[in-house]
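One structure below.
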Amino acid sequence: MHEHIFIENIISQVPNKDNVISIEIELGDLAGIESAHLREHLIEHTGWKVDVKTVKSQIKCDCGYSGEARILQRLHDLVIFECPECGNDDVEVIVGKDIKIGKVVYK
């Protein structure tokens, strides 16, 4: 069900929805939806050609580590991750939790 929230939010951000041919989405590695599901549901709801590009995470930890998070588990709407250096799960996410609209192509 949470997929519908993501889909509705994306669709609501696109102007001239009836004239869209294709859309490019940037999906953070730590967002709560998998790229295949996002793509599938967007196509199902809109009929648009959908390209989803995954953006790797970037975290900053108190231990001094800065880089990609270690993903421990992907659940239905949650990604569990930690610092790969010290195992801390209370890290600052710099990049990787967002879903962004990239390019939209119109008729």
- Integer Hz, Karplus 6.51/-1.76/1.60 couplings in order for segment 28-41, x for Gly and Pro: x, 4, 9, 5, x, 8, 7, 4, 5, 5, 4, 4, 4, 6
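Counting only C-alpha contacts under 8 Å and six or more residues apart, can you give the relative contact order of the chain as a whole percent?
Details: 199 pairs, mean separation 37.8, N = 107.
Result for the chain is 35 percent.
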- Helix 2-13: angle to the longest alpha-carbon principal axis of the chain, degrees 0 to 90, nearest 10? 60
- Message: Expected output is a single nm value to one decimal: the length gained when fully extending between Lys60 and Leu75, i.e. 0.36 nm times separation in residues minus the C-alpha distance. What is it?
- Response: 3.1 nm
- Quote to one decimal, in nm, the extra length available between Asn19 and Val105 on full extension: 0.36 nm per residue of separation minus the C-alpha distance between them. 30.1 nm
- Item | Low-density loop cleavage sites - chymotrypsin sites (Phe, Trp or Tyr not before Pro) in segment 34-81, where at most 14 other Cβ are within 10 Å (DSSP) | none
- So between Ile11 and Glu68, what do we pick up on full extension, going 0.36 nm a residue minus the alpha carbon distance? 17.6 nm
- Return the calculated 222 nm mean residue ellipticity for the chain, to the nearest 500 deg cm²/dmol, obtained by summing -39500 (n - 2.57) across DSSP H runs with n ≥ 4 and dividing by the residue count. -7000 deg cm²/dmol
- When the chain is treated as a Gaussian network with springs between alpha carbons less than 10 Å apart, the largest mean-square fluctuation among Asp89, Asp29, Asp51 is found at Asp89
- Note on the structure: Note, segment 17-25: 3J(HN,Hα) by Karplus (6.51, -1.76, 1.60, θ = phi - 60°), whole Hz, Gly/Pro = x, goes 3, 5, 9, 7, 9, 8, 9, 10, 10
- Message: So for the chain, if I pair up every lysine 8 or more residues apart or on another chain, how many of those pairs have alpha-carbons under 20 Å apart?
- Response: 14
- Note on the structure: Taking a crude spin-label model, label points 7 Å out from Cα along the C-beta direction, the Val95 to Glu40 distance in nm is 2.8
- Task: Take the Cα atoms of the chain, find their three principal axes, and give me the spread along each one in whole Å, biggest first.
- Result: 50, 25, 17
- Per-residue ³J(HN,Hα) for segment 47-57, Karplus 6.51 cos²θ - 1.76 cosθ + 1.60, θ = phi - 60°, Hz, x for Gly and Pro: x, 6, 6, 10, 10, 10, 10, 7, 9, 5, 6
- Built amide H within the under 5 Å cut-off of Val79, gap 5+: none
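Every read-out reported here was derived from the displayed coordinates using simple, explicitly stated rules and does not represent laboratory data. Predicted model only: the values in this text are computed from it and were never measured. Methodologically, a virtual Cβ is constructed for each residue, glycine included, from the backbone with ideal geometry; neighbour enumeration extends over all protein chains shown.
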